[in-house]
Each structure stands twice: as structure tokens, then as C-alpha cells.
Amino acid sequence: MMQPLQGSFVALVTPMSPGGGIDFHALEALIEWHVESGTNGIVSVGTTGESATVSVAEHIEIIEKTIYLVDGRVPVIAGTGGNSTQEAIELTQTASKLGADYALIVTPYYNKPNQEGLFKHFIKIADSVDIPQILYNVPSRTACDLRPETVSRLANHQNIVGIKEALDSPERLAELVRISQAILDQKNFSILSGDDPSFNSFMAHGGDGVISVAANIIPKHISQICSLNLSKQYDDAKELDAIFKKLYELLFIESNPMPVKWMLYKMGRIQSGIRLPLVPFNEVFHEKTINEMIKLKLI
């Protein structure tokens, strides 16, 4: 049986020059930092990695370079979702050929499929590509919600090994944990948070880990919070997590990844590039963000 996905997985940004070109030198440095900091896996070109603003050729190149640079030290999870099922299949097939360990597949955005459409979308991808796949539900960004009854049907597929759930709902988490436990004798089905402000509580109530935006900024601490939860040291995890409450708020004060890229730029880890229709982090938030970063000794 495959090892469960547990711990801190960074939803890695895609570093860019001010002109918008991909900065592979910065990507290499970020990967080294994450491996050293105890990050349990790298998500390459997920939605935080600007999958919506890079071309298909760039998307593939970033995944390929990430796999090469990680060199098997931690799992690489390739973002391969799309709002066209065929496009998602092709991207997932390519990621599999390149040697990605997992594919992270977001629900189709904009076209608002119903539950049967979502089921058929994910089953078709799982039938078409033999790579472990993680479902990704983020209703606030996609305008559709992958409901637990549909997850329950999908979880039986051998290639579907987990879900990244970005909905902050204790009821939803409880249902997903029940689904995971119901099939435990056949397989591990990992439940990962996709919401930094609530991930600690999510893990304390049965979640396996987080695919985190904040891990871009504080990789060691997110990893520590996950480890504490996994070893059932819930009070210590809660205490450490509380230190970063304001940081989590600032990371989502404007559309992700605008704040996180600006913070990494201020930390000297990436250049300032971001692609339209995303724009640089609004100046009105700069002062309070800098103050919080100084407080946390990030700069």
C-alpha cells in the first residue's frame, strides 16, 4: 500500500523576472531552501504557481525543471488541472512521463459542472493516466464544489489517493475523514488542507497535512506545526500556529499569489515578476505587511 501523504507541502510560487520571464535560478534556490527546511513535498505549477498565467510549454518546462532540481529528495506534485477534461488528461500524461510523483487536479473552473460532470471528469483522467492523483476543491476560486458524496465515489479509484480541500468547514472535514477511514483496508486516501488560516485545526481534527501558501514564507514553521499535529502534540501546534495568524491574513488580503510573491521579493528570494492579469501587491498593504514581517524576523 502506498505511503499516505502527510505533512507540509508547499504550493510553490513560480519565480519571474520583472519582464515576466521564468527565473529558473531562483526556482533552484527556493527548492534547496524547502528541502533544507523540512518541507515534505513540492507542488509545481499549482494555482499559486500561476498555472493560469503560464503557457502550456512553460507549464511543462517548470514541472520538468522542478523534478530535475528536486532529484528525488521529496515528492513532486505537479499541478495538472484544467477546465477541459482533455487538456487535463494531456497535462497529467506529460507530468507522469516527466517523472512527477503525483498530480494535483483542480476542479474545472468557470464552466460549473454538476456533481455527475465532476465525477466523470476525474474518473476519465484517473482512467487515462496511471499516476497517483490528488483531487483539489477550492470553490471560492472555481465556482464549483466537489461534494463529499462525489469524493466518496472517486476515492475507490486506485489512482485517486487524496484530496486538497480548501473549504474551511469542520462538517466537510468530518465527512472526508469518514470517507478515508471507510476505505483504509484497501488504500490510504489523504485529506490535505488547502486553507492556511484553518489548517492547524484541520489537522487536529483528522487531516493529514496541508498544501500551503504560507510555507513559501515560513517553510520550517509550517513543517513543525504539521509534525506536532501528526505526533498528537496539539497544544504545542496551536501555540506555534497562533504566532502566524496575522501573516496568514496578509497572505490572502489580495488575490493569491500577489501578496506571497511580494513578500518573497522583500525577503530577497525572488525577483518582483508577476504576470497579468495579476498585478504587484497593492501599496496600501505594504507598510503593515513589512511591519509584520519585521516582527516575525522574516526581514
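Numerical summary
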{"item": "Every pair of residues 6+ apart whose Cβ atoms lie under 8 Å, when the first sits in the range 62-74 and is farther than 14 Å from residue 38 by Cα while the second is in a loop (DSSP other than H, G, I, E, B) and hydroxyl-bearing (Ser, Thr, Tyr)", "result": "62/14"}
{"item": "Set 10, 54, 43, 35: member being assigned to a loop (DSSP other than H, G, I, E, B) and at pLDDT 95 or above", "result": "54"}
{"item": "Of all residues in the range 187-208 being over 15 Å from the mean Cα position of the chain (by Cα) and of a type in the set (Gly, Ala, Ser), the one that is farthest from residue 237 (Cα to Cα)", "result": "206"}
{"item": "Residue tally, condition surrounded by 16 or more Cβ atoms within 10 Å (Cβ to Cβ), out of contact with any Phe, Trp or Tyr (no Cβ under 6 Å at 6 or more places or on another chain) and under 14 Å from residue 134 (Cα atoms), over the range 1-44", "result": "7"}
{"item": "Among residues of the range 150-174, those that are farther than 21 Å from residue 203 by Cα and in contact with a helix residue (DSSP H, G or I) (Cβ under 7 Å, 6 or more places away or on another chain), counted", "result": "5"}
{"item": "In the range 63-95, the residues that are in a helix (DSSP H, G or I) and touching a strand residue (DSSP E or B) at 6+ places or on another chain (Cβ under 7 Å)", "result": "63, 66, 67, 70, 88, 92, 95"}
{"item": "One residue from 232, 246 being assigned to a helix (DSSP H, G or I) and of a type in the set (Lys, Arg)", "result": "246"}
{"item": "Top-ranked residue in the range 135-186 [being of a type in the set (Asp, Glu) and in a loop (DSSP other than H, G, I, E, B); ranked as nearest to the chain's Cα centre (by Cα)]", "result": "168"}
{"item": "All positions within the range 13-32 that are in a helix (DSSP H, G or I) and either hydrophobic (A, V, I, L, M, F, W, C) or under 14 Å from residue 67 (Cα atoms) (or both)", "result": "24, 26, 27, 28, 29, 30, 31, 32"}
{"item": "All positions within the range 270-288 that are surrounded by 13 or more Cβ atoms within 10 Å (Cβ to Cβ) and touching a residue at least 60 places away in the same chain (Cβ under 8 Å)", "result": "270, 271, 272, 273, 274, 275, 278"}
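Residue-by-condition table, conditions (1) crowded, with 23+ Cβ neighbours inside 10 Å; (2) at positive phi; (3) free of Cβ contacts under 8 Å to residues at least 60 places away in the same chain:
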{"residue": "175", "(1), (2), (3)": "no, no, yes"}
{"residue": "200", "(1), (2), (3)": "yes, no, yes"}
{"residue": "214", "(1), (2), (3)": "yes, no, yes"}
{"residue": "225", "(1), (2), (3)": "yes, no, no"}
{"residue": "247", "(1), (2), (3)": "no, no, yes"}
{"residue": "259", "(1), (2), (3)": "no, no, yes"}
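The values are calculated or read from the model by the stated rules, or taken from the named source; none is laboratory data. Because the structure is predicted, anything quoted here is derived from the model rather than measured. Heads up, the Cβs are rebuilt from the backbone with ideal geometry, glycines too, and the neighbour counts pull from every protein chain shown.
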